[in-house]
Amino acid sequence: MAGNRPSVDFLTITGVVLSLVAVIGGNLLEGGHTDSLLQLTAFLIVFGGTLGAILVQTPLNVFLHAMKRFRWIFIPPKIERKQTLKKILDWSKIARKDGLLGLQKLADREKDKFAKKGLLLLVDGNEPEDIRKILDVEIDSCAANEMNAAKVYEAMGGYSPTIGIIGAVLGLIHVMNNLADPATLGPGIAVAFVATIYGVGFANFFFLPISNKLKTLSRDVTQYQEMLIDGVASIAEGENPRAIQSKLEGYLT
């Protein structure tokens, strides 16, 4: 993908901080204490139970890919469509001047694997339709992998509230078993309610937003790849740079 240095998504950081401030600040305004929201037992029940459920549901390769994609939430892939359009137009000019073999050196230096594969298909003299078919298969495979990664977090958002309820029930069971000991009632009730907060909070502040953001980023990557396919296929068809530019400018909106 275009771009050399990935940039941090400060909007994501702002969202995380704002969510935490809203919950903790609201609790303080109601006269509560921050310590009351910090329950290790509730955290272990909700997070551990959610993680366990996901491990049961998800194949190992999908789970590991989803964990790698967590980085995208804070440092998304940098896609510069204007720079990509300029690069495609440069390829077109070189191909018209030196022939398709003139792109060999550019292909050897290209860092983006998808773009490099397209250039190599050009250099090998493949027909435009063949180039499209080959690269479309790669797009479909890539998009499926990214959607599977997003669905891992989506599933975690589904399990987390339910497991929070399990934590609440466990806390209430502990309370009911110790009615004769008033000293244990407070901690037991706290675990019960905090487990519910953790379950709903993790789902709505983290897991579901992460899933939706990964889906959006995956669509951006797919659109970028489709832009490359159209550009490479147009070069293979022998279109002039001006026609290619007019065709690909639609991707910039």
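Throughout, read-outs are computed from the coordinates displayed, never taken from laboratory work. The structure displayed is predicted, hence computed values, not measured ones. Cβ coordinates were reconstructed from backbone atoms using ideal geometry, including for glycine residues, and neighbour counts include every protein chain displayed.
Observations
- Along segment 155-164 the Karplus relation, 6.51 cos²θ - 1.76 cosθ + 1.60 evaluated at θ = phi - 60°, assigns HN-Hα couplings of 5, 4, x, x, 6, 4, x, 5, 5, x Hz to successive residues, with x for each Gly and Pro.
- Long pairs among Lys86/Lys113; Lys116/Lys247; Lys82/Lys151, criterion Cα-Cα beyond 24 Å: Lys82/Lys151
- When only the Cβ of Lys, Arg, Asp and Glu is charged (+1, +1, -1, -1), the dipole of the chain relative to its Cα centre reaches about 740 debye.
- All Cα pairs of segment 144-253, percent lying beyond 16 Å: 70 percent
- Above-threshold pairs, the threshold being 25 Å between Cα atoms, out of Lys78/Lys215; Lys97/Lys133; Lys117/Lys213; Lys87/Lys133: Lys97/Lys133; Lys117/Lys213
- Taken one residue at a time, the phi angles of segment 190-198 give Karplus couplings (6.51, -1.76, 1.60, θ = phi - 60°) of 4, 4, 4, 6, 5, 4, 5, 4, 4 Hz. Gly and Pro are set to x.
- Computed from phi, the 3J(HN,Hα) profile of segment 12-24 under the Karplus parametrisation 6.51, -1.76, 1.60 (θ = phi - 60°) reads 5, 4, 4, x, 5, 4, 4, 4, 5, 5, 4, 5, 5 Hz, with x in place of Gly and Pro.
- Angstrom value of the Kirkwood radius, inverse mean 1/r, which spans all Cα pairs in the chain: 21.6 Å
- Residue order, fewest to most surrounding Cβ atoms within 10 angstrom, among Ser160, Ser36: Ser36, Ser160
- In the chain, the DSSP-assigned H stretches of four residues or longer account for a calculated mean residue ellipticity at 222 nm of -24000 deg cm²/dmol, using -39500 (n - 2.57) per stretch and the full residue count as denominator.
- Axis angle, to the nearest 10 degrees, between helix 60-69 and the longest C-alpha principal axis of the chain: 80 degrees.
- Cα extents for segment 65-154 along the principal axes, largest to smallest and rounded to whole angstrom: 49, 26, 20.
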